[in-house]
Amino acid sequence: MQNENQHKYTNKLINEKSPYLLQHAHNPVDWYPWGGEAFSRAVAEDKPVFLSIGYSTCHWCHVMERESFEDEEVAEVLNKHFVSIKVDREERPDIDHIYMAVCQAITGSGGWPLTIFLTPDKKPFYAGTYYPKQDRMGMQGLLPLLKRVAHVWNTDKDGMMHSGNRMTQLIRHETGVYTEAEVSKDDLHKAFSSLKDDFDGIYGGFGRAPKFPTPHNLFFLLRYWRLAKEDFALEMVEKTLDSMYRGGIYDHIGFGFSRYSTDRKWLVPHFEKMLYDNALLAIAYLEAYQATKNERHAEVARQIFTYILRDMTAPEGGFYSAEDADSEGVEGKFYVWTVHEVKRVLGDEAGEKYCKLFDITHEGNFEGHSIPNLINNTLSDSEKIFVEECRLKLFDFREKRVHPYKDDKILTAWNGLMIAAMAIGGRILDEERYTSAAEKAVRFIETNLMRNDGRLLARYRDGESNFPAYVDDYAFLIWGLIELYETTYSPEYLQKAVRLNRDLLKLFWDQANGGLFIYGSDAEQLILRPKEIYDGATPSGNSVAALNFLRLARLTGDHELETIAQQQFKAFGGSIRRAPESYSFFLTAIMFAQTAAREIVLVSGKSGGGVDPMLDVIRGYFMPFTVTLLYSDITDELKTVVPFVENYKAVDGKATAYVCENFGCRAPVTDSTQFREILQQ
């Protein structure tokens, strides 16, 4: 804890673990964390609640804090007329989801910081995002808004309470109504057409500016390419991955991707780096490499993992959440260069050459400085050697700068995504250290983010775990465990996935209407209990869970899980059919369900040997609609979750492959060349 004597003000956030809440612990605003104490005070003092939601690496959250929450005039109004609550959206996605829906309903848009006015019984009556302190350039100012709300509360409280009730009823209706429908192959074609129409053929990606990576669009397109034999789907993936790598959104000195690009060319990023973006992008590059054998994709994935293992991994094995866009109060300062700096590090001749390759100029391409990029250059093999030598020197120089703030909380959901990415990387790139990192992160979660009764928790930081895990935590971690099983073939990971999946259904499944709620039946019950299916910055928990259900059904033979997935498809089908491109990860699950099922069972030979050549064959192909099992009759462990596997035997004591499609199995093969020929058919 900071020494409170060094600060003029200290509020109740000082006892929290969230880096975001701690950033506001010395504001003059009398902040409370979300909880009973704050709302009890609001009731007792008959005051409205000022709710502010953000996260630690949010640039505009920092701006609003500097302009308003550190300002004594604003604080005086808040402290006199409101009970003020701060929420970290990454700790409480349930709260954030509900009140973001309110903001979108009232204003037509959303974002962070999220600003909500509530009645003491948590019902919203007004909402917005960022406000400057005073009215400015057509923007409403926070201070005059606070004074108006306080005045109306004191003169027409009944009207505000009525508005809160009406808004709550509206949001309950809008978030609780889904139209049942069957999703067909026509909807897959419609999603492809929409992405094709939105594709930027010059710079890759979709839409204009700002541009987001949205890796799950690329997952969908890779599967659509495989299924529909549509070459342009693959072209869109390759163009987008190549353009993002070339752009300034990629950190060419220290590796890893920023959150999004503010321009069409991927040149100027919003400089924050998020764990989930880098996990999902690593998977996209790995799958593209597997599909095309383009070494550039493999190299980008390796570089992402280098960044994560170097800068974003706790000594105990969990992965940190994010790095800020700002350093020394300036966005991007850590990442940009001048010609003078580069030459000082590399010398005049090498510096001149490096600057020419990476668009570092005296004029600059970002506020008088330069963001290194390869938008207009392709490196030759000899230049790659030169660039790597320069990069190492520039990296060492950059390390001496003031670093952006690192949000070192460990979130189960985002760790699940990185576990999946590292496991896939270990498998496709044959890199044991990636697999080991995924396994270590699983052990961290089991040790630190699981209660004694097995209930998963959402957040760990500074020795404390808290918040019952949400649907994303369960779904993403189960995904990671499935990938770890298909990389290591250690039955324990499949066992863990099955157990967590059982808990997921018990805590989150809507028995009446199908689908999974955001928060569990045993968690704090808010003004409504929504479900999320939109695949936004990350895929939705429902989307990932649907694919998990299908993969686990094929891996274990538990076909009830297929029925549950079909119930999800039907429950949300109406929403998906209206705009299928908005549910691209959900569509990957639907494609998996609609495709001829293929299972591969490998049985190891005598003493568990001889199976490696066949594993090499599997790892060399992009087979998104296939599941694989590895069985050795030396151990019975796999039979506890896959009872049918004991029917498979090694032929003549040799490693044997069984390929089953459309509920029928081919004759077993013991020759890896023959096995390869079968998979190519």
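Filter the stretch 445-465 for residues that are among the hydroxyl-bearing types (Ser, Thr, Tyr) and part of a strand (DSSP E or B) and give the result.
Selection gives Tyr460, Ser465.
Within the stretch 595-618, track down each residue that is among the charged types (D, E, K, R) and surrounded by 16 or more Cβ atoms within 10 Å (Cβ to Cβ).
Residues satisfying the conditions are Arg598, Glu599.
Check Thr626, Thr635, Thr656 and return the single one that is of a type in the set (S, T, N, Q), within 10 Å of Val603 (Cβ to Cβ) and not assigned by TED's automatic domain parsing to the domain that holds Leu222.
When all the criteria are applied, what remains is Thr656.
Specify which of the listed residues (Gly351, Gly317, Gly364) is farther than 30 Å from Met623 by Cβ and part of a loop (DSSP other than H, G, I, E, B).
Gly364 is the lone residue from the list that is farther than 30 Å from Met623 by Cβ and part of a loop (DSSP other than H, G, I, E, B).
How many residues are more than 18 Å from Leu145 (Cβ to Cβ) and not aliphatic (A, V, I, L, M) if we restrict to the stretch 32-65?
17
Working only within the stretch 1-51, note down all residues that are charged (D, E, K, R), at pLDDT 95 or above and not in a helix (DSSP H, G or I).
Glu16, Lys17, Asp30, Asp46, Lys47 - these are the residues of the stretch 1-51 that are charged (D, E, K, R), at pLDDT 95 or above and not in a helix (DSSP H, G or I).
Listed here are the residues, each with its yes/no results for (1) at pLDDT 95 or above; (2) surrounded by 19 or more Cβ atoms within 10 Å (Cβ to Cβ).
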| site | (1), (2) |
| --- | --- |
| Glu70 | yes, no |
| Glu73 | yes, no |
| Glu76 | yes, no |
| Pro93 | yes, yes |
| Ala105 | no, no |
| Pro113 | yes, yes |
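Pairs needed: first member in the stretch 375-388, over 20 Å from Met244 (Cβ atoms); second member anywhere, at pLDDT 95 or above; C-beta distance under 6 Å; at least 6 residues apart or different chains.
Within 6 Å, no pair qualifies.
Quick grid of which residues meet (1) assigned to a loop (DSSP other than H, G, I, E, B); (2) at pLDDT 95 or above; (3) crowded, with 21+ Cβ neighbours inside 10 Å; (4) touching a Cys at 6+ places or on another chain (Cβ under 6 Å):
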| site | (1), (2), (3), (4) |
| --- | --- |
| Gln567 | no, yes, no, no |
| Leu587 | no, yes, yes, no |
| Phe622 | yes, yes, no, no |
| Lys639 | no, no, no, no |
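Got a number for residues in the stretch 260-271 being crowded, with 24+ Cβ neighbours inside 10 Å and either touching a His at 6+ places or on another chain (Cβ under 9 Å) or within 17 Å of Ala233 (Cα to Cα) (or both)?
Number satisfying all stated conditions: 2.
May I ask you to list the residues in the stretch 234-259 that are among the acidic types (Asp, Glu) and surrounded by 21 or more Cβ atoms within 10 Å (Cβ to Cβ)?
Answer for the stretch 234-259, where residues must be among the acidic types (Asp, Glu) and surrounded by 21 or more Cβ atoms within 10 Å (Cβ to Cβ): just Asp251.
Considering Ser109, Ser84, which residue is among the hydroxyl-bearing types (Ser, Thr, Tyr) and within 25 Å of Ala25 (Cβ to Cβ)?
It is Ser84.
Looking at Ile53, Ile85, Ile106, which one is in contact with a helix residue (DSSP H, G or I) (Cβ under 8 Å, 6 or more places away or on another chain) and farther than 21 Å from Glu16 by Cα?
Testing whether each residue is in contact with a helix residue (DSSP H, G or I) (Cβ under 8 Å, 6 or more places away or on another chain) and farther than 21 Å from Glu16 by Cα leaves just Ile106.
Could you tell me whether the stretch 544-551 includes any residue that is assigned by TED's automatic domain parsing to the domain that holds Asp472, surrounded by fewer than 17 Cβ atoms within 10 Å (Cβ to Cβ), part of a helix (DSSP H, G or I) and of a type in the set (Gly, Ala, Ser)?
No; the residues of the stretch 544-551 include none that is assigned by TED's automatic domain parsing to the domain that holds Asp472, surrounded by fewer than 17 Cβ atoms within 10 Å (Cβ to Cβ), part of a helix (DSSP H, G or I) and of a type in the set (Gly, Ala, Ser).
Condition first: part of a loop (DSSP other than H, G, I, E, B), hydrophobic (A, V, I, L, M, F, W, C) and touching a residue at least 12 places away in the same chain (Cβ under 8 Å). Now tell me which residues in the stretch 510-527 satisfy that.
Ile518, Ala523, Leu526, Ile527, listed by residue number.
Can you pull out the residues in the stretch 135-144 that are buried (at least 17 other Cβ atoms within 10 Å of the Cβ) and either in contact with a Gly (Cβ under 9 Å, 6 or more places away or on another chain) or in a helix (DSSP H, G or I) (or both)?
Leu142, Leu143, listed by residue number.
Quick check on this structure: which one of Ser465, Ser490 is farther than 24 Å from Val627 by Cβ and either over 22 Å from the mean Cα position of the chain (by Cα) or surrounded by 18 or more Cβ atoms within 10 Å (Cβ to Cβ) (or both)?
Exactly one of Ser465, Ser490 is farther than 24 Å from Val627 by Cβ and either over 22 Å from the mean Cα position of the chain (by Cα) or surrounded by 18 or more Cβ atoms within 10 Å (Cβ to Cβ) (or both), namely Ser465.
How many residues, within the stretch 493-508, are of a type outside the set (Lys, Arg) and either surrounded by fewer than 19 Cβ atoms within 10 Å (Cβ to Cβ) or outside the structural domain of Ala437 (by TED's automatic domain parsing) (or both)?
The number of residues fulfilling the criteria is 3.
Quick one: in the stretch 466-509, of everything that is outside any helix (DSSP H, G or I) and in contact (Cβ under 8 Å) with a residue 60 or more places away in the chain, which residue is nearest to Ser436 (Cα to Cα)?
Result: Tyr489.
Where in the stretch 204-304 are there helices (runs of 4 or more DSSP H), lying wholly inside it, with at least 2 residues that are at pLDDT below 95 and in contact with a strand residue (DSSP E or B) (Cβ under 6 Å, 6 or more places away or on another chain)?
It comes to none.
Quick one: His162 ticks every box in (1) part of a helix (DSSP H, G or I); (2) crowded, with 17+ Cβ neighbours inside 10 Å; (3) more than 28 Å from the chain's Cα centre (by Cα) bar one, so which box is it?
The one condition His162 does not meet is (2).
Here's the yes/no breakdown for (1) in contact with a Lys or Arg (Cβ under 7 Å, 6 or more places away or on another chain); (2) surrounded by 16 or more Cβ atoms within 10 Å (Cβ to Cβ); (3) farther than 25 Å from Cys58 by Cβ:
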| site | (1), (2), (3) |
| --- | --- |
| Thr361 | no, no, yes |
| Gly364 | no, yes, yes |
| His369 | no, yes, no |
| Glu388 | no, no, yes |
| Leu394 | no, yes, yes |
| Asp407 | no, yes, no |
| Ile410 | yes, yes, no |
| Gly416 | no, yes, no |
| Ser436 | no, no, yes |
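Could you pull out the residue among Asp198, Asp231 that is surrounded by fewer than 20 Cβ atoms within 10 Å (Cβ to Cβ), of a type in the set (Asp, Glu) and closer than 20 Å to Pro539 by Cα?
Checking each option against the conditions leaves just Asp198.
Answer yes or no as to whether Ile533 is in the same structural domain as Leu221 (by TED's automatic domain parsing), of a type outside the set (Asp, Glu) and in a helix (DSSP H, G or I).
The answer is no for Ile533.
Which numbered condition in (1) within 23 Å of Asp135 (Cβ to Cβ); (2) crowded, with 20+ Cβ neighbours inside 10 Å is the only one that Arg89 fails?
Here Arg89 clears every test but (1).
The values are calculated or read from the model by the stated rules, or taken from the named source; none is laboratory data. Everything numeric here is computed off the predicted structure, so don't read it as measured data. So basically every Cβ, Gly included, is an ideal-geometry build from the backbone, and we count neighbours across all protein chains shown.
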